[in-house]
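This report refers to the structure that appears directly beneath it.
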Amino acid sequence: MASQRAYLRLQQMKTAIVLGAIYVILRLEALMEIIVCGAAGGEVTGSAYLVRTNKAQVLIDFGLFQGSSHVDELNVMPPQIDPEKLTAVVLTHAHLDHTGRLPLLTKHGYKKPIFATPATIMMANLILTDSAFLQRADAERWSRRHPKEPPMEPLYTAADVEALNPLYRELDYGQATTVARGISITAHEAGHMLGSTSLEMTIEDNGTKKVVVFSGDLGPRGAPILRDSHSFSHADLVFMESTYGDRNHRPLLETAIEAREIINKAIQTKGKILVPVFAVGRAQLLLYLLAGAFQRKTLPPFPIYLDSPMAIKATQIYREHVELFDEEALAMSRSGELSANLRTLKTCESAAESKALNEVEGPCMILAGSGMCTGGRILHHLRHNLSNPSTKVLIVGYQSHGSLGRRLVDRAETVRIFGDEVQVRASIHTLGGFSAHAGQTDLMNWIGTLAKASPSVVLTHGEDQPRQHLGRKLRDDLKLKPKFPALGETIAL
Ligand code: ZN
């Protein structure tokens, strides 16, 4: 009996040793997986990818979900992300849908590095400070309207945004930087906004080495100010945006010529031109195009007012990073021609300066936020000038359903602003060619140089139709087999 028990114990020990060995072998096997924590399943916003190996956990972007009705449930810390286990964060660019959840990390005690280009760090601070301000305003408004409920807490505060500042580490273009054990990143131009990048990540884990490319948001080729996006030649896996995977934009040149004709008419009739603008990107693009038109004398110089403290700050960041400009913009900036041609530009910092514009006579152009007329100083300019037939409103960006900007585009006869019913006698002009995103042809050209390496391709950052449409083109034209991940899906390397 005793020897039988000893034999059994021996067998159990052997089994335990074998199981332990299997466990060790499995642990030694390379672990390389990427969890898609946003901008998936037909969503465009909330970009975030968690890269996991045996040695590190790196988050690429941590964007805010915007626009849909269930954003409150989505704008949380995803269950897969543990801020204590996270080794590093890397940003592709500063837009809110790529950075807007970062303050949730500091709110949860994250103290490790956040890598980004110097321009992205400055822009992200500007955009996130504004976001914290809007979060607080939203929460206060909700609490005022629901006095019987407990007060609503903002998603994060200005202090959470400030706590990010000591964590930023500068990432240089074209130089490999080790961001965690076994993970290095090289940033390349994405041509989408100042400081924007596509990221080339080299992952090494237990003897295996793979290259993953994150496209970030890609800009249109040949766009003014910014350099064109980098062409990659090798990757094992590519995460690619597909925002405009189903169409091309109207050429920028055509759009610029149309804008010039509208502006010339307004100058002749001494009208005011109101332009609702997004503070970062669109405002600087328009100013640059105006400077070019003044220089070529296709437009006579006339007064332009940049009436947005945030756009003024963003324009200053552009001035501090001219090294990121394309050749033409760099030459114009370095020779002093850019500022010389914009001598009719005045900036309005204070609310009083903004209100004083009500008394200014046309012709003039007022660039003011918000881009979709959902708030900001553009509202009081619209209320004051929409009923004047000599006013022209230039719509230069996307207008979401339900926004005041959308109602203007849809030719509403009257609109309600600050409780007043305002007659729309102004002419509304929608100019579609100023997009900061690559259209289908530019997306296909970008992935075209990588196709020879036959990488696995994962399409994200696109509504379902553009994403599927681009997917079909990748299959038919380039013989690639793209994946369409759902939110939270894990992609193994
Ligand atoms: Zn973007």
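The values are calculated or read from the model by the stated rules, or taken from the named source; none is laboratory data. Just so you know, these numbers come straight off a predicted model, no measurement behind them. Quick reminder, even Gly has a Cβ in these numbers, built from the backbone with ideal geometry, and neighbours come from all protein chains shown. To get the accessible areas, we keep the full protein, side chains included, count just its heavy atoms, and leave off ligands, DNA and RNA. Shrake-Rupley method; radii C 1.70, N 1.55, O 1.52, S 1.80 Å.
Work out from phi, with θ = phi - 60° and the Karplus expression 6.51 cos²θ - 1.76 cosθ + 1.60, the ³J(HN,Hα) of each residue of region 347-358, listed in order in whole Hz, and give x for Gly and Pro.
Couplings: 9, 10, 7, 8, 5, 5, 4, 5, 5, 4, 5, 4 Hz.
Relative to the longest principal axis of the chain, what angle (0 to 90°, nearest 10) does the C-alpha long axis of helix 464-478 take?
70 degrees
Calculate how steeply helix 118-145 sits against the longest principal axis of the alpha-carbon atoms of the chain, using the helix alpha-carbon long axis, and give the answer as 0 to 90 degrees to the nearest 10.
80 degrees
Whenever you get a sec, line up 377, 144, 416 from highest to lowest accessible area (probe 1.4 Å, protein heavy atoms).
Listed by decreasing accessible area, they come as 144, 416, 377.
Normalised by the number of residues in region 263-334, what is the relative contact order in percent for Cα pairs under 8 Å and 6+ residues apart?
29 percent
How high is the relative contact order of the chain, given as a whole-number percent (alpha carbon pairs under 8 Å, six or more residues apart)?
The normalised contact order for the chain reaches 18 percent.
May I ask for the distance between the Cα centers of region 301-380 and region 95-161, given as a whole number of Å?
Here the two parts' Cα centres lie 26 Å apart.
With only Lys, Arg, Asp and Glu charged, each at its Cβ (+1 for the first two, -1 for the last two), find how big the charge dipole of region 229-339 is about the Cα centre; round to the nearest 20 debye.
700 debye
Evaluate the charge dipole of the chain about its Cα centre and quote only its size in Debye, nearest 20, assuming +1 on the Cβ of each Lys and Arg and -1 on the Cβ of each Asp and Glu.
440 debye
Rounded to whole Å, give me the distance from the Cα center of region 40-86 to that of region 426-440.
Using only Cα atoms, the two centres lie 30 Å from each other.
What are the principal axis extents of the Cα atoms in region 443-493, in Å, biggest first?
29, 27, 16
Just how many % of Cα pairs in the chain lie over 30 Å apart, if you round to the nearest whole percent?
In whole percent, the long-distance tail amounts to 52.
Angle, helix 252-268 long axis vs. longest principal axis of the chain, Cα atoms, 0 to 90°, nearest 10?
Roughly 30 degrees, rounded to the nearest 10.
Taking 0.36 nm per residue of separation and subtracting the Cα-Cα distance, what length does fully extending residue 463 through residue 72 add?
Here the answer is 138.8 nm.
Which trypsin sites (Lys or Arg not before Pro) from region 323-354 combine a DSSP loop assignment with at most 15 other Cβ atoms within 10 Å?
Answer in residue order: 343.
Of all beta bridges DSSP finds with both residues in region 24-101, what is the antiparallel percent, to the nearest 5?
75 percent
Using protein chains only and a probe of 1.4 angstrom, how many square angstrom of residue 96 are accessible, to the nearest 10?
Roll a 1.4 Å probe over it and residue 96 shows about 40 Å².
Just order 458-470, 164-176, 256-268 by mean Cβ neighbour count inside 10 Å, highest at the front, would you?
Those peptides, ordered most packed to least, come out 458-470, 256-268, 164-176.
Evaluate the charge dipole of region 358-490 about its Cα centre and quote only its size in Debye, nearest 20, assuming +1 on the Cβ of each Lys and Arg and -1 on the Cβ of each Asp and Glu.
With Lys and Arg at +1 and Asp and Glu at -1, about 500 debye.
Tally Lys and Arg at +1 and Asp and Glu at -1 over the other residues with C-beta under 14 Å from the C-beta of residue 362: what net charge comes out?
+2
Determine the order of 142, 446 by accessible area, beginning with the largest, at a probe radius of 1.4 Å.
142, 446
With point charges of +1 on the Cβ of Lys and Arg and -1 on the Cβ of Asp and Glu, referenced to the Cα centre of the chain, which listed residue (435, 367, 455) lies farthest in the positive direction of the dipole?
455
Which sequence of 146, 429 reflects their accessible areas, 1.4 Å probe, from the largest down?
146, 429
Towards the positive end of the charge dipole of region 34-141, with charges on Cβ (+1 Lys, Arg; -1 Asp, Glu), say which of 114, 132, 45 has the farthest Cα.
Of the listed residues, the answer is 114.
At a probe radius of 1.4 Å, what is the per-residue accessible area of residue 43, in Å² to the nearest 10?
About 40 Å², rounded to the nearest 10.
Restricting the count to DSSP beta bridges whose residues both fall in the chain, what percent are antiparallel, rounded to a multiple of 5?
Rounded to the nearest five, the antiparallel share is 50 percent.
How many Å² of accessible area per residue for the chain, probe 1.4 Å?
Solvent-accessible surface per residue comes out at 46 Å².
Given a cut-off of 28 Å, name the pairs among 55/313; 85/473; 209/481; 210/313; 313/355 whose C-alpha atoms lie farther apart than that in the structure shown.
55/313; 85/473; 210/313
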